[in-house]
1. GLN59 to ALA19: FRET efficiency via 1/(1 + (r/R0)^6), r the Cβ-Cβ distance, R0 30 Å, to the nearest 0.05?
2. Find how much the distance from SER112 to LYS76 grows on full extension, using 0.36 nm per residue of separation minus their present alpha carbon separation; answer in nm with one decimal.
3. If I take R0 = 35 Å and measure r between the Cβ atoms of THR27 and LYS155 in this structure, what FRET efficiency does the formula 1/(1 + (r/R0)^6) give, to the nearest 0.05?
4. Quick check for me: using +1 on Lys/Arg Cβ and -1 on Asp/Glu Cβ, what's the dipole size of the chain about its Cα centre, in debye to the nearest 20?
5. Using Cα pairs closer than 8 Å and at least 6 residues apart in sequence, work out the relative contact order for the chain, in percent.
6. How high is the FRET efficiency between VAL147 and GLN122 when r is their beta carbon distance and R₀ equals 25 Å, given to the nearest 0.05?
7. Which whole-number percent of Cα pairs in the chain have a distance greater than 27 Å?
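Every number here is computed from the coordinates shown, using simple stated rules; none is lab data. This is a predicted model, so every value here is computed, not measured. Glycine also receives a Cβ, built like all others from the backbone with ideal geometry; neighbour counts cover every protein chain displayed.
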Amino acid sequence: MSEDKTGQQRLAPAAELLAAQEEIVETFDLLEDWSDRYQYIIDLGRQAPPFPEEWKTEQYRLKGCQSQVWIVTEMKDGRMQIHATSDSAIVAGLIAMLVRVYSDRRPADILSTPPEFIRRIQLEDHLSPTRSNGLSAMVQQIRQMAVAALALQHKS
């Protein structure tokens, strides 16, 4: 643990990422059944920050998803900010979970911390094959963006 500028205790970056995953697992454990869990996922997508219309272009569109998904990243203070959305309510919720876990993290931490929460909440077992493939494509895209961001950091 370290202190931030305000003197508050902060977890180490990778620990923050693990804590975000654990929070999702704990929330899923509290929900009674999969209809409640699907509703929670949909609500996460609805609560996501607005996604600028000008980012909904082919440049930012994720290939490999049946639904339309857009992902934009930017670096700020050595951390990768992830902005994403989808035209599908459930997919928007899935990407919101990934953003909750991986946004505002260092690229090296993203790459060293796999999305264990997906297995722990048995998400892929409860998604259609096309949604499961789309979720994998979203995870891969975030990881590829982290690799690119890391490469840029090492160049400068």
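1. 0.35
2. Once the chain is fully extended between SER112 and LYS76, it gains 11.0 nm.
3. Details: r = 39 Å, r/R0 = 1.11.
Approximately 0.35, to the nearest 0.05.
4. Details: 17 positive and 22 negative charges, 136 e Å.
Charge dipole of the chain: 660 debye, to the nearest 20.
5. RCO, the chain: 25 percent.
6. Numbers: r = 28 Å, r/R0 = 1.12.
E between VAL147 and GLN122, to the nearest 0.05, is 0.35.
7. Pairs farther apart than 27 Å: 23 percent.
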